[in-house]
Structure formats: structure tokens, C-alpha cells
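Working notes for the structure below.
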Amino acid sequence: MLDKNGVSGRSLSLTLGGKLARSLKALIFPVLYHGHARRCPVCGKSSRKFLCFGDLKRRDARCPRCGSLERHRLAWLYFTRMTDLFDGRRRKMLHIAPEPCLASRMRRRLDDGYLSADMEDPAAMVRMDVTAIPFPGESFDVVFCSHVLEHVADDRKALREFFRVLKPGGWAVLLVPVNAPRTMEDPAIVDRDERKRIFGQEDHVRRYGPDYVERVERAGFTVRVVRPEDVCRAGEIERLGLAAADEICRCDKP
């Protein structure tokens with residue numbers, strides 16, 4: 001049954017239910033997680049603890065306030081502490097598969113210099129395939145792409161596209177999960193259950209190893225690996241809920 005605006009009663013109920021759930025969360029979470037043992041650098045709020053997250057239930061993974069995960073917090077710390085991205089000068093940034101906890105904050109700081117893109121996410125500003133980026137060469141100062149390339153069949157082409165659309169002197173942060181001794185892929189594996197067994201997730205097409213850096217370098221980039229201890233002061237890694245094994249892959253275009 002549609003109302004006069006063409007909205008079904010069920011859709012309206014789901015929308016109202018979602019708003020109610022968010023309102024209740026906003027009221028309850030500050031009480032449940034009140035404390036100072038953890039602090040999220042993304043939203044700037046302290047909590048008694050972070051939430052478990054993931055199939056294997058990682059402890060201290062998700063901020064109960066903004067939803068950031070370990071990799072989001074590390075990336076935000078890197079951007080704010082080790083780059084001049086937010087120093088007020090005009091820059092054009094392309095953000096692939098925008099994470100809600102980061103996208104709104106980046107857009108607020110970069111204003112009309114910020115562009116988010118995704119193949120399917122309606123929250124992204126443009127719909128885009130990373131293997132065929134619809135912008136001229138040398139269009140962006142910065143590209144940020146986190147945990148996307150493991151889903152892309154031709155990741156080498158995507159890396160070349162990132163290099164192409166960056167201006168000379170521009171840079172990218174291109175993060176992937178590194179969880180194998182060496183990168184492993186097999187395009188013949190298309191069954192979702194088999195992909196999950198071998199690659200760890202139904203829609204992953206490979207596992208990356210430390211040789212990911214070499215793959216990025218072959219696209220033309222100069223790569224520098226930054227670890228949590230390079231970004232954080234003593235004692236911060238645990239309090240900020242970072243994963244000691246995570247890394248920032250900083251990729252510069254000469």
C-alpha cells in the first residue's frame with residue numbers, strides 16, 4: 001500500500017525503524033561505553049572499549065561512536081599527522097569506496113576538492129569502475145583507496161589508472177589486506193564458497209602478500225610503507241585501537 005508520496009507502509013516503517021535505532025544508539029552507547037581506556041582519532045571520542053568485529057571477532061576493532069575500524073583510524077592518523085592534506089590549500093582528492101566514518105569528515109575539510117566514487121554505493125558522489133576511471137590524466141592531487149583491490153579482477157589495470165589520474169608530484173594511499181606469504185590469485189576460481197575458503201571472503205579474488213609493494217611499483221609509483229609505530233607516540237597503539245600488523249602504503253607519482 002502506497003501513501004500519497006508513493007512510499008509503501010513497509011518502506012516507511014523500515015525508514016522510521018532505522019531512525020529510531022540510530023536515535024536509541026546515540027542515547028545508549030555513551031552510557032554503555034562511557035570511559036577513557038580507548039579513544040577514536042576519527043571522531044575524537046573516548047570509550048570504555050571498542051567493539052568486536054569481523055568473522056573471527058577481532059577485539060577492540062570497531063568504535064562504538066562512529067563505526068571506524070583499525071585501518072580507518074590508522075589512515076586518519078596518517079592523513080592528519082604525516083601529510084599536509086588538510087592544511088587549507090586547495091587540493092583535489094579521489095576517494096574510492098568511501099567509508100562513512102571518513103567520507104563526511106574529508107568532504108567537510110576539502111569542500112569541493114573532494115570526490116567519492118564507487119561501483120554500487122549510492123552514497124558515493126559518482127559511479128565508477130577503478131579499471132576505467134572517467135577523468136583525464138593528471139586530474140587529482142591525492143587518491144585514497146582502501147581494501148578495494150582484492151575485489152578487482154584486473155588490479156594491475158586499476159593501479160595504472162590511479163597513476164594516470166594523479167598529477168605529477170601527487171600521491172596515493174592504496175591499502176589492501178596483506179595476509180599471505182606471497183600474493184596468490186587464480187581467475188579460474190569463481191565459486192563463492194571456494195573463494196571464501198581460499199581468499200578469505202566470497203567476493204575476494206586474491207590474497208596479497210608483502211610483494212604487493214612490487215606490484216604497485218610496477219605501475220610507476222614510488223612506495224613507502226608506514227607502520228603504526230611510525231605514526232603513533234609510545235603507548236598510543238593500544239589506546240587508539242590500531243592493529244600492529246596494519247600498514248599504510250604511501251604511493252608517490254614522480
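Within the set of pairs 6+ apart or on separate chains, which have a first residue in segment 80-100 that is closer than 28 Å to ASP121 by Cα, a second that is of a type in the set (Gly, Ala, Ser) and in a strand (DSSP E or B), and C-beta atoms under 6 Å apart?
So the pair list comes out as HIS95/SER116; ILE96/ALA117; PRO98/SER116.
For segment 1-102, which fully contained strands (runs of 3 or more DSSP E) count at least 1 residues that are buried (at least 19 other Cβ atoms within 10 Å of the Cβ), modelled with pLDDT of 60 or more and on the phi > 0 side of the Ramachandran plot?
In segment 1-102, 58-62 are the strands (runs of 3 or more DSSP E) which contain 1 or more residues that are buried (at least 19 other Cβ atoms within 10 Å of the Cβ), modelled with pLDDT of 60 or more and on the phi > 0 side of the Ramachandran plot.
Which residues, taken from segment 204-237, are out of contact with any Phe, Trp or Tyr (no Cβ under 8 Å at 6 or more places or on another chain), in a helix (DSSP H, G or I), within 22 Å of SER46 (Cα to Cα) and touching a residue at least 60 places away in the same chain (Cβ under 8 Å)?
The one that is out of contact with any Phe, Trp or Tyr (no Cβ under 8 Å at 6 or more places or on another chain), in a helix (DSSP H, G or I), within 22 Å of SER46 (Cα to Cα) and touching a residue at least 60 places away in the same chain (Cβ under 8 Å): PRO228.
Given ALA245, ALA234, which one is surrounded by fewer than 20 Cβ atoms within 10 Å (Cβ to Cβ), at pLDDT below 95, aliphatic (A, V, I, L, M) and under 25 Å from VAL143 (Cα atoms)? It would help to see each step written out before you state the result.
Values: ALA234 fails: under 25 Å from VAL143 (Cα atoms).
From the options ALA245, ALA234, the qualifying one is ALA245.
Would you check which residues across segment 104-138 are polar (S, T, N, Q), surrounded by fewer than 18 Cβ atoms within 10 Å (Cβ to Cβ) and not in a loop (DSSP other than H, G, I, E, B) and list them?
SER104
Specify the residue that is farthest from the chain's Cα centre (by Cα); the eligible residues are those in segment 31-77 that are acidic (Asp, Glu) and under 15 Å from HIS147 (Cβ atoms).
ASP55
Since MET106 meets every condition but one in (1) within 25 Å of LEU159 (Cβ to Cβ); (2) in contact (Cβ under 8 Å) with a residue 40 or more places away in the chain, which condition does it not meet?
(2)
The values are calculated or read from the model by the stated rules, or taken from the named source; none is laboratory data. Keep in mind that what you see is a predicted model, and the values were worked out from it rather than measured. Backbone-built Cβ (ideal geometry, glycine too); neighbour counts: all protein chains shown.
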